[in-house]
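The values are calculated or read from the model by the stated rules, or taken from the named source; none is laboratory data. If you're wondering where the values come from, they're calculated on a predicted model, not measured in any experiment. Counting neighbours? That spans all protein chains shown, and the Cβs are built from the backbone with ideal geometry, glycine included.
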Amino acid sequence: MNCDLAHERLVTAAYGELLDDLVPELDRHLSGCADCQSEREQMRALKLLADAYPVLEPEPNLMARSRMRLEEALDGLPPLRWYQRVSQRVRNGVASLQAVPVAASLLLLIGGGAGSLGGYRLALNRAAHTAAEQAAQTARAVTSQAVPAPAEIANISSIVRQPNSGMVEVRYNQVVPQRLEGSMNDPAIRQLLMLASENGASANVRDDSVGLLAAECREGHRCRAEGIRDALMVALRYDKNVGVREKALRGLEPYVTEDVQVRDAVLEALMNDPDARIRNAAVNLLQPVEADTSVRQVLYSVSNSDQNPHIRTVSRQVLSQVPEIQ
């Protein structure tokens, strides 16, 4: 047995589908092949990990799509070759041939060569069918937490954080209302929250989503790789709700000193935001980097031109900590 065939049989063996008469041959190969032993251990670990999560019933429309994809995959399998059909017919006729020993002997001699030649290809076909069925089962197990593509989501209708818990429930609408529940560490929940931050139809949804994202950033939870900082910067620049902009600004605070893009967004808020609270908070956020040339230039401009006297005073106080303006 070669390693490719062993890998295919490992899949069926992991799910208890391998024929009993094939198990000893697989065990003999594994006893002498370290790579295949490692493959088996990885497959067992993956199965244990998958079994640790409850399997939820998928919705009817997801079941229908999975069945359609499975049927398309099965239709795409190549047809049986002539020697495979001969081999199947020989096997199916063994019982009837037992009643006619002479005819059985002749046919078995003819079909023996074709059977041995087609056996390997037949095993591959069976493994392909089994793998397709397992893929459909896996799809049914995981689709309950899969997030549709943004184009398939009409809007985010509500966000609820459960008290004294890290769980968040996000309700969103497709053709029919949908619901997804998970922790803030769940990438699917984070994706929906970032989508909710752009929801132009509901200021409450934007406020809730930006508030949760900002809290994640303030706690230092992976706010760059998944685009959360970008979502907060967009909210700070363009959201019409001052409360949403204020939460976005607080979420960006830990990254002003290390991220130039975040710093530029805060400088834009200081120069252009119509609300004095946002501009005042932006001045306070920029104090740790007042020596930066662009920061000092903006502070100098604001200290002379801002309509709010308090903001002009605070800007001058920040500038006074530096000997000269470059």
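Answer with yes or no whether R245 is closer than 19 Å to G200 by Cα and free of Cβ contacts under 8 Å to residues at least 60 places away in the same chain. Yes; evaluated as a whole, the condition is true for this residue. Taken together, the criteria exclude P274 from residues that are exposed (fewer than 14 other Cβ atoms within 10 Å of the Cβ), out of contact with any helix residue (DSSP H, G or I) (no Cβ under 7 Å at 6 or more places or on another chain) and in a helix (DSSP H, G or I).
Out of R250, R263, one residue alone is in the same structural domain as S209 (by TED's automatic domain parsing) and under 34 Å from the mean Cα position of the chain (by Cα). It is R250.
Residue count for segment 158-179 satisfying the condition of being part of a loop (DSSP other than H, G, I, E, B) and β-branched (V, I, T): 2. When the residues of segment 180-218 are filtered to those that are among the acidic types (D, E) and either in a loop (DSSP other than H, G, I, E, B) or surrounded by fewer than 17 Cβ atoms within 10 Å (Cβ to Cβ) (or both), the one that is modelled with the highest pLDDT is E181.
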